[in-house]
1. So if I check each of A:V58, A:V50, which one is surrounded by 10 or more Cβ atoms within 10 Å (Cβ to Cβ), within 30 Å of A:T140 (Cα to Cα) and in contact (Cβ under 8 Å) with a residue 12 or more places away in the chain?
2. Cβ-Cβ distance below 8 Å, separation of 6 or more or different chains: which pairs start in the range A:371-395 with a residue that is touching a residue at least 40 places away in the same chain (Cβ under 8 Å) and end on one that is crowded, with 20+ Cβ neighbours inside 10 Å and part of a loop (DSSP other than H, G, I, E, B)?
3. Among A:S399, A:S449, which is the only one that is among the small types (G, A, S), facing chain B (nearest Cβ under 10 Å) and in contact (Cβ under 8 Å) with a residue 40 or more places away in the chain?
4. If I filter the range A:359-375 for residues that are more than 13 Å from chain B (Cβ to nearest Cβ), part of a helix (DSSP H, G or I), modelled with pLDDT of 90 or more and in contact with a Ser or Thr (Cβ under 6 Å, 6 or more places away or on another chain), do I get at least one hit?
5. Considering only residues of the range B:159-189 that are touching a strand residue (DSSP E or B) at 6+ places or on another chain (Cβ under 7 Å) and either of a type in the set (A, V, I, L, M, F, W, C) or in a loop (DSSP other than H, G, I, E, B) (or both), which is nearest to B:V216 (Cα to Cα)?
6. Restrict the check to the range B:303-315 and report whether at least one residue is part of a helix (DSSP H, G or I), within 13 Å of chain A (Cβ to nearest Cβ) and out of contact with any strand residue (DSSP E or B) (no Cβ under 7 Å at 6 or more places or on another chain).
7. Before we move on, is A:I394 modelled with pLDDT of 90 or more, within 23 Å of A:V58 (Cα to Cα) and more than 10 Å from every other protein chain (Cβ to nearest Cβ)?
8. Select, from A:V233, A:V246, A:V345, the only residue that is assigned to a loop (DSSP other than H, G, I, E, B), away from chain B (no Cβ under 13 Å) and at negative phi.
Amino acid sequence: MTAVAAPPRSTNTALGWVKTRLFPNATSGIVTVLLFPLIVYLAYRVFLFVVVNGRWEVVRRNLTLFMQGTFPRDQQWRILVQILFLAFAAGVGTATASAAAADRAREAGIPVDRQRPIEILRRFWPVVLLVLILLYFANTVNPWLFVLGALAVSLLGTTARFLPTRLRHLGWLLVALSIIAGFQVVSGTTGRSWLAAAVVVSIGIWLSVRLERLAPLPRLAFKTALVALAAAVVFGIYTFVTVPGVGWDRWSGLHLTLWVSALAIILSFPLGLLLALARRSTLPALRVLATGYIELIRGVPLITLLFMGQFILGFMLPAGATLSSISRAIAAMTLFTAAYVAEIVRGGLQALPYGQTEAAQAVGLSPGKTMRLIILPQALRAVIPAMVGQFISIFKDSSLLFILAINEFLGVRSLVHAQTDFRGIAHAETLVFVALVYWAFAYSMSRESQRLERRLRVGL
Amino acid sequence: MRVLRVVGQIVAIVVVFLLLRWLFGNLVDNSRRVGLSLDFGFLNRPTQFQIPNHAEFDPRSPVYRMVLVGIKNTLLASVFGIALAGVLGLIIGISRLSQNWLTSRLASAYVEFFRNIPPLVIIVFFAFAVFLHGPLPNLREGIEVGFPGTSHNLFIFSLEQWGVPSVADAGNLAYFAIAMLVGLVVAALVWRWRTRIHDQTGAPHHRVVWTFGVLVALLAVAYVLLGEPFRITWPTLSENRRRLIDGFAINAGFISVAGALGLYTASHVAEIVRGSILAVSRGQSEAANALALTSFQTYRFVILPQALRIALPPLINQSLNLVKNTSLAAAVAYAEITNLTQASIGNGRPAVPSIVILMAVYLFFSLIISLILNVVNRRLQLVAR
């Protein structure tokens, strides 16, 4: 007769959890015993700083300064309208993306996972937390009402889900247009029409490619003429209706930080794409030029390029032409980011099996069409997570404008601490606040990029 | 088609050439108009400003001396930053994989926090919230931490400088340094000798004991023979408590830059360490377990050597990033090359050649580190038998 061993006891209790996760063996137990008081002490100090000792008055009184810097106060409505446009874009964007994912799932015959709205809250909890903290610092009820309004607008945007599948791309167009509209509401059309025109032209080209699927257009010449006409009309409207606004030369605070990083990544994309294609080209001259540029830029820190922008770029323009300090910084950041974008895109191109090119050649596509229809769509899809990573990196790097005495989000601190009430005190409070805001954005984005990587099943 | 390719390349080169010529033509014209020089002659003219915290630097010495001081300080901050990031990152990376819930959570929190804030914010936090407007007293009321049992100071903390013990030349320090080099070479030879004995006979090598024993013995002999070549100096405040005499003075700017970049890069290093440990196949640790190795032995002899092969290339990249990030010291008072270049342009030195030199310095560092990376990659390649 052998003794029957008793069944193992379940560790699925509070005590079991403590035993397996905190005291699995002697060494680990000692570590727990040593770490626990340290963590309690740290938590106590953080609690003291946040609740008791922190002079948060400095943030409360300067919240507007942190958010929009020295933006003219009588023009503040522009920023509020812009946020509404961006909220709308966010709503349309998430709805379109989830609808497109559902379409793909239905096509592939796998169950569609419906995202409940509460999921968004869980995914973006740092940003939600940040908004709540900002609202806590708000002095009046207006910001609360405004946040509710923005939420309502973005909910309105999510009705884009009901667009039929054939018109799904109009959702993306709507996103792009409302982002541009948000930008234009603030900056007006004075002096920046070239930028809007360039964006509109590229959207026009993209749309004409998409329209082809809906109703095949007969000739390239006809399509080009259509795009040119649309661009000319829009450009005409822009130059005719010169709504005066507040150009980015007068932006500052978090508003500037967000736009500078967005502009740097958007503007650097075409350049980076060209550089990547040139580096992969079979033409040695193009390859050498692109490789030289990329390696040169990647070998130096961003600040040296920003110095170049500040001290040299102005001299490289024809006599009489001037660029504001922020424009020069954006130019330097674009040139810098382009090299990194090029390397990311090159990674995507290299990760694509050569069989794709061969298959395209086998069905008789020209090299241009192979690239445009077969290679690029797949390669660009694969690099989306890495591009988000690059955006995070440029978002963090935009703090370098502080060194050039541009009052972006980190730089506004110098305005805050120039006030007599806060001269030489409460530096820790403002810096913790600044770090928290950077963290909330960067952390949410990095989680999103990891999620995208899993969903798209890519990753280089 | 052939012709088209050649023409296309020529067109590309011509376009780039014309663009550059246009830009540089404008640059030369505008500079001439404003009266700015574009040559490097200024390198031999006096610097004309005092580098902060470098009392030994003479403002009358030429600009190239200032550049050299900047390069030295960049290297100093990089070396300490990399050391801090390496040690901290290794500990945190391993902790993140710990079974212990507290340890792994604490390590995760560290990584997720520091990875997602700009390094410049950390540097500025150190410089402004810890030092300049922080809780520390200024040097006059510096906190002196005594060495137990003596009247010497072990540390002096203040918001401008920290004092730590150091060694001072008592006559023959140079010879002792030579002896130290010789000792290191001998120690390396001893290490190889013990390894060979172990490989050939299987006898226990005791490499660490042997190597350090020989090194310590040699240094002791040298110390006695040279008749006390150095003495330890303890940090002391001068009579009027204005400056630190004796000991070694570490400036607040240095601690800000090296410390902040060390903390920031440690989060990246930790991720690399974690990733490469996870990349070592699970069978390896199971096999080690089957051989009844302790968990320390498993890490030391099985996992870490294999993880190192995966981790080394990205780690070298991170150190390059850290070297480039030392340029953020331009925001605080630390006299590295970017900071000094900015100051010297502000003092009227020509901007174009100054920035060209600055970029060349960083390119040189990048090149060196890329070379190291290539060598390491070649040596790490698995040799198929």
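The values are calculated or read from the model by the stated rules, or taken from the named source; none is laboratory data. Here the structure is a predicted model, which is why all the values come from computation and not from measurement. Methodologically, a virtual Cβ is constructed for each residue, glycine included, from the backbone with ideal geometry; neighbour enumeration extends over all protein chains shown.
1. A:V58
2. Sorted first by the residue in the range A:371-395, then by its partner, the pairs are A:I392/B:N116.
3. A:S399
4. So far as the range A:359-375 goes, yes, one or more of its residues are more than 13 Å from chain B (Cβ to nearest Cβ), part of a helix (DSSP H, G or I), modelled with pLDDT of 90 or more and in contact with a Ser or Thr (Cβ under 6 Å, 6 or more places away or on another chain).
5. Selected residue: B:F176.
6. The answer is no; no qualifying residue exists.
7. It is false that A:I394 is modelled with pLDDT of 90 or more, within 23 Å of A:V58 (Cα to Cα) and more than 10 Å from every other protein chain (Cβ to nearest Cβ).
8. Numbers: A:V233 fails: assigned to a loop (DSSP other than H, G, I, E, B); A:V345 fails: assigned to a loop (DSSP other than H, G, I, E, B).
Among A:V233, A:V246, A:V345, only A:V246 is assigned to a loop (DSSP other than H, G, I, E, B), away from chain B (no Cβ under 13 Å) and at negative phi.
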